[in-house]
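The block underneath contains the structure these notes are about, expressed in structure tokens.
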Amino acid sequence: MQKYDLAIIGSGPAGYVAGIRAAQLGMKVCVFEKDRLGGVCLNWGCIPTKALSASAEAIYNIERVSEFGINVKGYEIDFQKIQDRKNNIVKKLSMGVETLLKARKIEIIRGNAVLKDNTTVISGDTEVEANNILIATGSLPFELPGMAFDGVKILSSTHMLELQKAPKSVLMVGGGVIGCEFASIFRTFGSEVTIVEMMEQLLPSEDLEIARKIEQIFKKRGIKVFTGTKAEEIRENSEKTLVSVGRLPNSRGIGIEDIGIECNKGWIKVDGSFRTNVKNIYAAGDVIGGVLLAHAASREGICAVEAMSGKDAVLDYNVMPSCIFTNPEIASVGLTEKKAKDKGIDVKTRKFLFTGIGKAYVLGETDGFIKLVVDNPSDKILGSQIIGPHATELIAEISPCIQFGITSEKLASVIHAHPTLSEIICEVSEAMNNKAIHSI
């Protein structure tokens, strides 16, 4: 029987990243993977959807290229080539994960992994012993009663990525991140799109003004949006239906019940160090619930491994950015105005439009705005929300401001290059102190 310092079940953003950090700390590591290296994010989530989104953005730019003084007579969408490009990107990155693991001499064990006891993991005829075990098995799409996935009519997000052609019409049951991203993509591909969301706004976890803005933009693009509406049954009106109403923990069938690991409806319970109630078994990523984001999973995996090695493992979820790859993009970090007020915090907010930024005109992307949320007494930045061009890149500047307690006045004093989109961050910081230059 092979012996390891750490055995990891799952090679997604939590698992493979944790494995690399463990190897950096001198641990002997093995990783169990029953499918493709890289997990859901790389193979059936973040990366392939963003590849489709990039193709959709290219189409969007072709459609408006006349605005830039270029006359294009016509174009044709080759959906198979779009899918081939996506698949090639995924394959290359998955191979990259394998290269990274092998470079650190991390053993990759292919097959289903099951916990035999708190130090033993088995997969087929392979049995290993480990001082510590990390469960990083991720999550699965949630099925609604009466709307079971069949891969033909009723689709999960995974099925959407495997379509051989853009459907004539598609119904999105769920107006969260997944539903809105696919709505944006497939509307650009030419599909008639309808979104049904049970809550009173699209993107229920986002700022209300942001949600209203993306709904307005979607409707302008011909996407039908019904909020405050519950989908009860699927009829034949739409060619395809995407059900994207949440995720389930992928924790069944790995033996956690047999060794007494505590769960809440399948989500594995962990403490601040990502340790389960079984002292040498840890869990990280989607399987523990909470923030179901790839970058959150990676940081959780790193913290778990560092906790194993005796280091302090502190993760502040308040500075965890959220990025939504619609057109235009949406990004947020920290507290919204509502969440801050719900906590009893005395806050002030300011908003600045992209119409006040020269680079936005250069790009032909003036729709959208940035909001900044600060603590009124101290002026420390608590959060920000952006909808507009390159929002997912711009939000990165706000994260360290929240993490390190920077004030809006300090942020406003930072010189931002002209002409760039990042000037909007300086302007909204100036606006917080009634000093914005490019607003009336």
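Numbers for the structure displayed
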read-out: On Cα atoms only, tilt of 46-63 relative to the major axis of the chain in degrees; value: 20
read-out: Lys/Arg +1, Asp/Glu -1 at C-beta; the stretch 9-121 dipole; positive extreme among PRO48, LEU115, ILE82; value: LEU115
read-out: Order by protection proxy (mean Cβ within 10 Å, highest first), peptides 291-304, 416-429, 316-329; value: 291-304, 416-429, 316-329
read-out: Computed FRET value (nearest 0.05) for MET198 with ARG235, which takes r as the C-beta separation and R₀ as 22 Å; value: 0.80
read-out: Qualifying trypsin sites (Lys or Arg not before Pro) in the stretch 1-81, DSSP loop, other Cβ atoms within 10 Å at most 13; value: ARG64, LYS73
read-out: Exceeding the 32 Å Cα-Cα cut-off - candidates LYS224/LYS338; LYS81/LYS338; LYS359/LYS380; LYS91/LYS168; value: LYS81/LYS338
read-out: Total formal charge among the other residues, if their Cβ is under 13 angstrom from that of CYS303, Lys/Arg +1 and Asp/Glu -1; value: -1
read-out: Listed peptides 230-240, 117-127 by packing density, highest first (mean Cβ within 10 Å); value: 117-127, 230-240
read-out: GNM top mover of GLU181, GLU197, GLU397 - the chain, alpha-carbon springs below 10 Å; value: GLU397
read-out: Relative contact order %, the stretch 91-149, counting alpha carbon pairs below 8 Å whose residues are six or more apart; value: 15
read-out: C-alpha long axis of helix 15-24 to longest principal axis of the chain, angle in °; value: 70
read-out: Lys/Arg +1, Asp/Glu -1 at C-beta; the chain dipole; positive extreme among GLY222, ILE20, PHE68; value: PHE68
read-out: Nonlocal amide H pairs with LEU335, under 5 Å, H built at 1.01 Å; value: GLY383, SER384
read-out: Inter-site label distance for ILE437 and ARG212 at 7 Å from Cα along Cβ, in nm; value: 3.1
read-out: Rounded Å value of the spacing that divides the Cα centres of the stretch 292-350 and the stretch 31-64; value: 22
read-out: Cα long-axis angle, helix 423-432 against the chain (0 to 90 degrees, to the nearest 10); value: 80
read-out: Charge dipole (debye, nearest 20) of the stretch 328-432; +1 at Cβ of Lys and Arg, -1 at Cβ of Asp and Glu; value: 320
read-out: The stretch 154-245, dipole about Cα centre (Lys/Arg Cβ +1, Asp/Glu Cβ -1), debye to the nearest 20; value: 400
read-out: Ranking of ASP35, ASP84 by count of other Cβ atoms within 10 Å, fewest first; value: ASP84, ASP35
read-out: Lys/Arg +1, Asp/Glu -1 at C-beta; the chain dipole; positive extreme among PRO389, ALA296, ILE425; value: PRO389
read-out: Exposure proxy order (Cβ contacts within 10 Å, fewest to most) of MET95, MET160, MET27; value: MET95, MET27, MET160
read-out: Cys with no candidate disulfide partner in the chain (beta-carbon separation under 4.7 Å rule); value: CYS30, CYS180, CYS263, CYS303, CYS323, CYS401, CYS426
read-out: Estimated vicinal HN-Hα couplings, Hz - the stretch 100-105 in sequence order (Karplus 6.51, -1.76, 1.60; Gly, Pro = x); value: 4, 5, 5, 5, 9, 6
read-out: Under Karplus coefficients 6.51, -1.76 and 1.60, residue-wise ³J(HN,Hα) of the stretch 268-275 in Hz, glycine/proline x; value: 6, 7, 9, 8, x, 9, 6, 8
read-out: Contact order relative to length of the chain, as percent, for alpha carbon pairs under 8 angstrom and 6 or more apart; value: 14
read-out: Ranked list, fewest to most other Cβ atoms within 10 Å of each Cβ, for VAL170, VAL65, VAL114; value: VAL65, VAL114, VAL170
read-out: Amide hydrogen neighbours beyond the local backbone of ILE195, cut-off 5 Å, H modeled; value: MET172, LYS224, VAL225, PHE226
read-out: Between the stretch 220-285 and the stretch 416-438, the Cα center-to-center distance that results, in Å; value: 40
read-out: For the stretch 328-432: relative contact order, % (alpha-carbon pairs under 8 angstrom, 6 or more apart); value: 32
read-out: Total charge dipole magnitude, the chain, about the Cα centre, Cβ charges on Lys, Arg, Asp, Glu only, Debye to nearest 20; value: 420
read-out: For the stretch 219-236, 3J(HN,Hα) per residue [Karplus equation, 6.51 cos²θ - 1.76 cosθ + 1.60, θ = phi - 60°, Hz, x = Gly/Pro]; value: 5, 5, 8, x, 7, 7, 10, 10, 9, x, 10, 9, 7, 9, 7, 9, 10, 8
read-out: Alpha-carbon centroids, the stretch 377-412 and the stretch 104-158: separation in whole Å; value: 37
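Just so you know, all these numbers are worked out from the coordinates, no wet-lab data involved. Note that this is a predicted model, so its numbers are computed, not measured. Counting neighbours? That spans all protein chains shown, and the Cβs are built from the backbone with ideal geometry, glycine included.
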